[in-house]
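Take a look at the structure below.
We did not get these values from a lab; they are worked out from the coordinates using the rules stated. Since we're looking at a predicted model, the values are computed, not measured. Methodologically, a virtual Cβ is constructed for each residue, glycine included, from the backbone with ideal geometry; neighbour enumeration extends over all protein chains shown.
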Amino acid sequence: MPDLDPITRAQPPGPPTTPTAPATKTLYGRENDLALLEHLLDQARHGRGGALSISGGAGLGKSTLLAAADRSARRRAMTVLSALGVESESHLPFAGLHQLLLPLRADAVRLEPRQRHALRAAFGLEDTAPDLFGIALATLELLSEAAGRTPVLLIADDTHWLDRPTQDVLAFVARRLGADPVVVLTASRTETPDPHSGAGHEHLRLRALDDDDAGALLDSCSPRLAPATRALVLA
Ligand SMILES: Nc1ncnc2c1ncn2[C@@H]1O[C@H](COP(=O)(O)OP(=O)(O)OP(=O)(O)O)[C@@H](O)[C@H]1O
Ligand SMILES: [Mg+2]
């Protein structure tokens, strides 16, 4: 199995890196989903970008999958940029983008002045009003620049709570990947296609675990449940 598999691979030292990353533990029934993520990271190693949006209900394992991708990307020495949508910041324009691009702030000096100003305006560092298109172009350029050094994995979790301008920029970027080794992974609770879907953009709708995997997961947490209780919890 690919080196995304958190069961079989040793983890690097240090705390989880994705904002919501649950602690590493056995992941049941997600082999195909992990393989899909691994495939995207492989493509990046060969110079091709890609985007995948994951959707599914609460607790289905979206953040857990993103955390596995994060670990795998770091093992591949990729640059990982991540942001977590939170309800309290969802009305703050570009708050999510600020989180995502913070590790690249030193690179912004290499952008053309027009693009540098666009980003500075987005983050309230200039008096001019933010120009969404200019900001999206500048973001793409910044990512492309970074990907010229090492492939980039961009992770946005809980995108349903990301501010709308950040969602728009992500959608713009995700549709223009291809020549640059940048992988965009997003996860959201929404069941309807989010603005990130579109041409060249894959969508993974997480399904509930099947009975065997759900049973194995439950047994790993609560091995001594009475059969009737176990059946009730699984149902
Ligand atoms: N396939 C799985 N195998 C083992 N544990 C799992 C699996 N899927 C989810 N879990 C566990 O269930 C819990 C919830 O998972 P996670 O936080 O990834 O869900 P989520 O889809 O991101 O939920 P939310 O919509 O609330 O953000 C975590 O403790 C996680 O480790
Ligand atoms: Mg989550």
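A few remarks follow.
- Candidates Leu209, Leu100, Leu34: whichever shows maximal mean-square fluctuation once the chain is modelled as a Gaussian network with Cα springs under 10 Å: Leu209
- Other-chain or far-sequence residues with amide H under 5 Å of Ile54's (modelled H): Thr186, Ala187, Ser188, Leu204
- 3J(HN,Hα) couplings calculated from phi for segment 224-235 with the Karplus curve 6.51 cos²θ - 1.76 cosθ + 1.60 (θ = phi - 60°) are, in sequence order, 10, 6, 5, x, 5, 5, 4, 5, 5, 5, 5, 5 Hz; Gly and Pro show x.
- Calculated from backbone phi, Karplus (6.51, -1.76, 1.60) coupling profile of segment 30-39 in Hz, x at Gly/Pro: 10, 4, 5, 5, 4, 5, 5, 5, 4, 4
- The residue among Leu100, Pro151, Gly85 whose Cα reaches farthest toward the positive pole of the charge dipole of segment 42-158, with charges on the beta-carbon of Lys, Arg, Asp and Glu, is Pro151.
- Under Karplus coefficients 6.51, -1.76 and 1.60, residue-wise ³J(HN,Hα) of segment 143-157 in Hz, glycine/proline x: 5, 4, 4, 5, 5, x, 8, 9, x, 10, 10, 10, 10, 10, 9
- Acute angle (nearest 10 degrees) that the helix 164-174 long axis makes with the longest principal axis of the chain, alpha-carbon atoms: 90 degrees
- Counting only DSSP H runs of at least 4 residues, each contributing -39500 (n - 2.57), and dividing by the residue count of the chain, the helix-based mean residue ellipticity at 222 nm comes to -12000 deg cm²/dmol.
- Cβ-placed point charges (K, R +1; D, E -1), dipole of the chain about Cα centre in debye, nearest 20: 500 debye
- The simple Förster model, with R0 at 22 Å and r as the Cβ-Cβ distance, assigns Leu132 and Arg105 a FRET efficiency of 0.65.
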